[in-house]
Amino acid sequence: MVNDNKNIPELLVPAGNLKILEYAVAYGADAVYMGGKEFNLRSLGDNFSRDELEKAVSYCHKKNVKTYITLNSIIFENEIKKLIEYLNTISNIQFDGFIISDPAVLKLLNNFYKKPNIHISTQVNVTNSMSVNLYKELGAKRINIAREIKFNDLKEIIKKTDIEIEIFVHGALCISYSGRCMLSKYMAGRDANRGECAHSCRWKYYLMEEERPNLFFNIIQDNKGTFIYNSRDLCLLDKLDLLADAGVSAFKIEGRMKTESYIAQTVWAYRKALDYIKNDEFDKDKKAFLMNELNKCSHRNYTSGFMFLNNYKELEDNEGVGYIKNYRFVGLYNGKSEKYGLPLVLVKNQFKTGENIEILEPQKLPKEVRIREIIIIKNNTDFTSGTANPNDTVVLRDVGDINPYAILRIKE
Ligand code: SF4
């Protein structure tokens, strides 16, 4: 039964480019966040040009989805002029929120927007209610609370403020305090706090005695080596009901560099979880079902992170640096073939006849079919083949009529 009084937090999803943004929206995001070409913390990603930002906002607003722009880089003195110019450039785009960390951005935004909705970034590392309320006085509407706090503290903070509290529920974790990591800057000259993180925490490390430079001892965590700073991925899916009850306003998924298949699968699972919560159906079986779905997505071992762990050892108890890939992403919907009256599939990874393909579509349960025929579409000469290779466009009669944004995967 639907409980209309229940707090159902907003599902906030990353978008690295316009294409991925469409997947985020199709799979059930309530809001998306994205970066422009400057002053955001994913300076190495695709990011959105000014025109793309405008298109993204217009697209989302037509679908009733909110859009937040990330302007959460720290600002140096010699960048203030450039920042003003950039804000001027984007000033007539109607963003629903601005994710910031440097107070200079907060101050300047008021010159360009009437009552901008300010969201304080995880970079600021807000860990207590006094800080939350200070940011409220400065004009913030929402705080992304530090990933490093405990659940009991989160509940206390929410009781002591009336502004929105957002938390990360899924994605990569920093082994250091968010917003305070200098490792990448030290190791690679790339400043994580300026959007240039080289992910040095994922690198392989050796042991060296100080009197014997260049003599490196292997330290073995697993058969691939030792990755002392390499954290697991955060996943709070099975805690969403607790967090919603506690009064969290928004659940945020990490990953502005992620692919369409990652976004589709992750958002699908979290949307479903929120729907179950709304209908009072989020029981043990549903949690297990959705965790199984999340496990199909490429990921590192999951952890419930600092908020729910008593012993942080689990955070680093990882199996090497690599991702766990239980499923191969093999293709996605790519329009319709008039000739066959069936969807076209753009192949992303090789598959063959005889394999079972699982299809995930927005708001539907996954279904599985065996592939008996692959029709390769090549200009005017279609032909059948036992194998589909990356970048082929194919028709799969066995798959039938799938919806736009469908993705296809195969169990490894
Ligand atoms: S090096 Fe690792 S811990 Fe540091 S900011 Fe980058 S991802 Fe986070």
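Among the residues of the stretch 125-135, is there at least one that is buried (at least 21 other Cβ atoms within 10 Å of the Cβ), assigned to a loop (DSSP other than H, G, I, E, B) and within 16 Å of the ligand (Cβ to nearest atom)? Steps first, please.
Step one: list which residues in the stretch 125-135 are buried (at least 21 other Cβ atoms within 10 Å of the Cβ), which gives 126, 132, 135.
Narrowing the set further to residues that are assigned to a loop (DSSP other than H, G, I, E, B) leaves none.
Checked the stretch 125-135: no residue is buried (at least 21 other Cβ atoms within 10 Å of the Cβ), assigned to a loop (DSSP other than H, G, I, E, B) and within 16 Å of the ligand (Cβ to nearest atom).
Need at least 3 residues that are under 21 Å from the mean Cα position of the chain (by Cα) and either closer than 30 Å to Arg232 by Cβ or in contact (Cβ under 8 Å) with a residue 60 or more places away in the chain (or both) per element, so show me which strands (runs of 3 or more DSSP E) inside the stretch 311-412 make the cut, counting only ones lying wholly within it. Write out each step before concluding.
Working: elements: 327-337, 342-347, 356-360, 367-370, 374-376, 383-385, 393-395, 407-411.
Answer list for the stretch 311-412: 327-337, 407-411.
Check off (1) assigned to a strand (DSSP E or B); (2) closer than 21 Å to Met307 by Cβ for Arg147 and give me the number that stays unchecked.
(1)
Do we have any residue at all in the stretch 150-169 that's hydrophobic (A, V, I, L, M, F, W, C) and farther than 27 Å from Leu134 by Cα? If you could, list the steps in order and put the result at the bottom.
As a first pass, look at the stretch 150-169 and keep what is hydrophobic (A, V, I, L, M, F, W, C): 151, 154, 157-158, 163, 165, 167-169.
Retained after the next criterion (residues that are farther than 27 Å from Leu134 by Cα): none.
No, the conditions are met nowhere in the stretch 150-169.
Give the stretch 167-226 a look and list any residue that's part of a loop (DSSP other than H, G, I, E, B), within 24 Å of Leu154 (Cβ to Cβ) and of a type outside the set (A, V, I, L, M), or say none.
Keep residues of the stretch 167-226 that are part of a loop (DSSP other than H, G, I, E, B), which gives 173-182, 189-191, 195-199, 203-206, 208-216, 218-221, 223-224, 226.
Subset that is within 24 Å of Leu154 (Cβ to Cβ): 173-181.
Answer for the stretch 167-226, where residues must be part of a loop (DSSP other than H, G, I, E, B), within 24 Å of Leu154 (Cβ to Cβ) and of a type outside the set (A, V, I, L, M): Cys174, Ser176, Tyr177, Ser178, Gly179, Arg180, Cys181.
Just to be sure I understand, how many residues within the stretch 164-194 are more than 15 Å from Thr122 (Cα to Cα) and surrounded by fewer than 16 Cβ atoms within 10 Å (Cβ to Cβ)?
Of the residues in the stretch 164-194, the ones more than 15 Å from Thr122 (Cα to Cα) are 182-191.
Then drop every residue that is not surrounded by fewer than 16 Cβ atoms within 10 Å (Cβ to Cβ), which leaves 182, 186-189.
Adding up the residues that qualify gives 5.
Give the residue, chosen from Leu237, Leu215, Leu207, Leu242, that is over 18 Å from the mean Cα position of the chain (by Cα) and assigned by TED's automatic domain parsing to the domain that holds Asp46.
On the way: Leu237 fails: over 18 Å from the mean Cα position of the chain (by Cα); Leu215 fails: assigned by TED's automatic domain parsing to the domain that holds Asp46; Leu207 fails: assigned by TED's automatic domain parsing to the domain that holds Asp46.
Going through Leu237, Leu215, Leu207, Leu242 in turn, the sole match is Leu242.
Considering only the stretch 368-388, state which residues are loosely packed, with under 14 Cβ neighbours inside 10 Å, more than 12 Å from Thr353 (Cα to Cα) and not β-branched (Val, Ile, Thr). Walk me through how you get there before you give the answer.
Here is the first cut: in the stretch 368-388, the ones loosely packed, with under 14 Cβ neighbours inside 10 Å are 368, 370, 372-373, 378-381, 383-384, 386-387.
Checking which are more than 12 Å from Thr353 (Cα to Cα) leaves us with 368, 378-381, 383.
Scanning the stretch 368-388 gives Glu368, Lys378, Asn379, Asn380, Phe383.
Looking at the stretch 150-192, which of its residues are within 21 Å of Thr266 (Cβ to Cβ) and within 16 Å of the ligand (Cβ to nearest atom)? Step through it out loud before you land on a result.
Going residue by residue through the stretch 150-192, those that are within 21 Å of Thr266 (Cβ to Cβ) are 166-174, 178.
Passing the criteria: Phe168, His170, Gly171, Ala172, Leu173, Cys174, Ser178.
So, in the stretch 268-293, how many residues would count as being in contact with a helix residue (DSSP H, G or I) (Cβ under 7 Å, 6 or more places away or on another chain) and either of a type in the set (D, E, K, R) or not assigned by TED's automatic domain parsing to the domain that holds Leu242 (or both)?
Going through the stretch 268-293 one residue at a time, the tally reaches 4.
Return yes when Phe217 is away from the ligand (no atom under 16 Å from the Cβ) and not small (Gly, Ala, Ser) and no when it is not.
Working: away from the ligand (no atom under 16 Å from the Cβ): yes; not small (Gly, Ala, Ser): yes.
So Phe217 fits the description; yes.
What about Lys115, is it surrounded by fewer than 17 Cβ atoms within 10 Å (Cβ to Cβ), in a loop (DSSP other than H, G, I, E, B) and not assigned by TED's automatic domain parsing to the domain that holds Gly247?
Working: surrounded by fewer than 17 Cβ atoms within 10 Å (Cβ to Cβ): yes; in a loop (DSSP other than H, G, I, E, B): yes; not assigned by TED's automatic domain parsing to the domain that holds Gly247: no.
Judged against the criteria, Lys115 is not a match.
State whether the residues of the stretch 257-267 include one that is within 16 Å of the ligand (Cβ to nearest atom), surrounded by 17 or more Cβ atoms within 10 Å (Cβ to Cβ) and in the same structural domain as Tyr23 (by TED's automatic domain parsing).
Residues of the stretch 257-267 that are within 16 Å of the ligand (Cβ to nearest atom), as a first pass: 257-258.
When the remaining residues are screened for being surrounded by 17 or more Cβ atoms within 10 Å (Cβ to Cβ), the result is 258.
Then keep just the ones that are in the same structural domain as Tyr23 (by TED's automatic domain parsing); that gives 258.
Yes, the stretch 257-267 has at least one match.
Would you mention how many residues in the stretch 57-95 are aromatic (Phe, Trp, Tyr) and part of a loop (DSSP other than H, G, I, E, B)? Quick ask: steps written out before the conclusion?
So the first thing to find is which residues in the stretch 57-95 are aromatic (Phe, Trp, Tyr), and the list is 59, 68, 76, 86, 95.
Filter once more, keeping what is part of a loop (DSSP other than H, G, I, E, B): 76, 95.
The qualifying residues number 2.
If you take the residues in the stretch 237-256 that are farther than 22 Å from Asn295 by Cβ and modelled with pLDDT of 95 or more, which one is surrounded by the fewest Cβ atoms within 10 Å (Cβ to Cβ)? First the steps, then the outcome.
Initial filter on the stretch 237-256 (farther than 22 Å from Asn295 by Cβ): 244-250, 256.
Then drop every residue that is not modelled with pLDDT of 95 or more, which leaves 244-250.
Values: Ala244: 20, Asp245: 12, Ala246: 20, Gly247: 16, Val248: 24, Ser249: 18, Ala250: 22.
Among them, the one singled out is Asp245.
When Arg147 is evaluated against the numbered criteria (1) away from the ligand (no atom under 16 Å from the Cβ); (2) buried (at least 18 other Cβ atoms within 10 Å of the Cβ), which criterion, by number, is the only one it fails?
(1)
Go through the stretch 7-41 and give me each residue that's more than 16 Å from Ile69 (Cβ to Cβ), among the small types (Gly, Ala, Ser) and not in a helix (DSSP H, G or I).
The one that is more than 16 Å from Ile69 (Cβ to Cβ), among the small types (Gly, Ala, Ser) and not in a helix (DSSP H, G or I): Gly28.
Conditions: (1) closer than 16 Å to Asn40 by Cα; (2) modelled with pLDDT under 95; (3) over 24 Å from the mean Cα position of the chain (by Cα). Lys114 meets all but one. Number of the miss?
Result: Lys114 passes all but (1).
Among the residues of the stretch 231-256, how many are among the acidic types (Asp, Glu) and within 16 Å of the ligand (Cβ to nearest atom)? Even if it seems obvious, please write down each step before you answer.
Within the stretch 231-256, the subset among the acidic types (Asp, Glu) is 233, 238, 241, 245, 254.
From what is left, the residues that are within 16 Å of the ligand (Cβ to nearest atom) are 233, 254.
Result for the stretch 231-256: 2.
Can you confirm whether the stretch 229-237 contains a residue that is of a type in the set (Phe, Trp, Tyr), in contact (Cβ under 8 Å) with a residue 24 or more places away in the chain and within 29 Å of Leu71 (Cα to Cα)? Write out each step before concluding.
Step one: filter the stretch 229-237 for residues of a type in the set (Phe, Trp, Tyr), giving 229.
Next, only the ones that are in contact (Cβ under 8 Å) with a residue 24 or more places away in the chain stay: 229.
In the following step, the residues that additionally are within 29 Å of Leu71 (Cα to Cα) were identified as 229.
Checked the stretch 229-237: at least one residue is of a type in the set (Phe, Trp, Tyr), in contact (Cβ under 8 Å) with a residue 24 or more places away in the chain and within 29 Å of Leu71 (Cα to Cα).
Scan the stretch 193-214 residue by residue and report those that are of a type in the set (S, T, N, Q) and away from the ligand (no atom under 16 Å from the Cβ). Spell out how you get there, then give the answer.
The initial filter retains those residues of the stretch 193-214 that are of a type in the set (S, T, N, Q), namely 193, 200, 214.
Within the stretch 193-214, just Asn214 meets the criteria.
The values are calculated or read from the model by the stated rules, or taken from the named source; none is laboratory data. Here the structure is a predicted model, which is why all the values come from computation and not from measurement. Every residue, glycine among them, receives a Cβ derived from its backbone with ideal geometry; neighbour counts consider all protein chains shown.
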